[in-house]
């Protein structure tokens, strides 16, 4: 770690503390996350979900992991530096708000990152404004500490995603869910960009479901039969309300935006669009479709090159730095 100069603390949470740091030799500004979890060996560090997923993900809208450093049983993740989080950006926009074009641009980039992530075989499970990073117009998905392989066998933990962005099937203790939990979170994030307030600000699982019902109404046998079965297994009854509706809740959103948010926040996961489908929604108009086709072609080439370079170990070249007591993994 001697080759980095810590500049300031950027934030922290359950998984670790993030600092802005300067690479002394190159002058590059990076973000370093020191994990709260102790790592007794490099192999233990490599098994963490964040390293597992980011070692396989290479996309302009997913934050880049540059190095993993293990020193004195502490693990450090070195990321590309991003100026702020979407959560902080929302705070700065309290007075003026975002234009719909700004929201369209940010959401399009998030959907691109998720579409690639899901296609590569992972889903995030903790999409929220704090985990979306921004820099000079670029939007990147970060903090993949809860990421999971789509093909991993159930049961899955039911404590994923910050409560306000947690999909209803997770709150109802479904032991098998899918990437559609990321799409529910995207619906809540997109609505928040319009209103600058959380769409479903619950204080507990029960209050969270009440908040959801207050907006979109309770589920029915026709809209989510499996959800009613999950609720029955928990001896839970949905509130008897039809909801105010998304149009009344976020009146600044256009009709096409409301339709997209409504589909993303469908009770039934199977009714939610995939990230790839969301990119084709009428909300995204003009040159966006042409842009995504170009980006997808470029990413195919980048991904193929990346896989060839990392095919031996899946993690890149392992090296020892004489200035650091530990091992450094370049990915």
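The values are calculated or read from the model by the stated rules, or taken from the named source; none is laboratory data. Quantities reported herein were computed from a predicted structural model and do not represent experimental measurements. Please note: Cβ atoms are built from the backbone with ideal geometry, for glycine as well, and neighbour counts cover all protein chains shown.
In this structure, residue 63 does not qualify as crowded, with 19+ Cβ neighbours inside 10 Å and touching a helix residue (DSSP H, G or I) at 6+ places or on another chain (Cβ under 6 Å). Might you check whether a residue that is more than 15 Å from residue 262 (Cβ to Cβ), surrounded by 20 or more Cβ atoms within 10 Å (Cβ to Cβ) and within 18 Å of the chain's Cα centre (by Cα) occurs anywhere in the stretch 201-213? No, because not a single residue in the stretch 201-213 is more than 15 Å from residue 262 (Cβ to Cβ), surrounded by 20 or more Cβ atoms within 10 Å (Cβ to Cβ) and within 18 Å of the chain's Cα centre (by Cα).
Can you confirm whether the stretch 231-242 contains a residue that is within 23 Å of residue 128 (Cβ to Cβ), surrounded by 13 or more Cβ atoms within 10 Å (Cβ to Cβ) and touching a helix residue (DSSP H, G or I) at 6+ places or on another chain (Cβ under 9 Å)? Checked against the condition, which is being within 23 Å of residue 128 (Cβ to Cβ), surrounded by 13 or more Cβ atoms within 10 Å (Cβ to Cβ) and touching a helix residue (DSSP H, G or I) at 6+ places or on another chain (Cβ under 9 Å), the stretch 231-242 yields no hits at all. Taken together, 93, 56 contain a single residue that is within 24 Å of residue 182 (Cβ to Cβ), touching a residue at least 60 places away in the same chain (Cβ under 8 Å) and surrounded by fewer than 16 Cβ atoms within 10 Å (Cβ to Cβ), which is 93. Taking the conditions (1) farther than 13 Å from residue 193 by Cβ; (2) in contact with a helix residue (DSSP H, G or I) (Cβ under 6 Å, 6 or more places away or on another chain) in turn, residue 132 satisfies each one other than (1).
Taking the stretch 22-52, which residues are in a strand (DSSP E or B) and either within 21 Å of the chain's Cα centre (by Cα) or without any contact (Cβ under 8 Å) to a residue 40 or more places away in the chain (or both)?
Once the filter is applied, which keeps residues that are in a strand (DSSP E or B) and either within 21 Å of the chain's Cα centre (by Cα) or without any contact (Cβ under 8 Å) to a residue 40 or more places away in the chain (or both), the stretch 22-52 yields 22, 23, 30, 31, 32, 33, 34, 35.
Among the numbered conditions (1) outside the structural domain of residue 72 (by TED's automatic domain parsing); (2) surrounded by 14 or more Cβ atoms within 10 Å (Cβ to Cβ); (3) modelled with pLDDT under 95, the only one that residue 306 does not meet is (1).
Restricting the stretch 104-136 to residues that are surrounded by fewer than 20 Cβ atoms within 10 Å (Cβ to Cβ) and more than 14 Å from the chain's Cα centre (by Cα), the residue that is modelled with the lowest pLDDT is 136.
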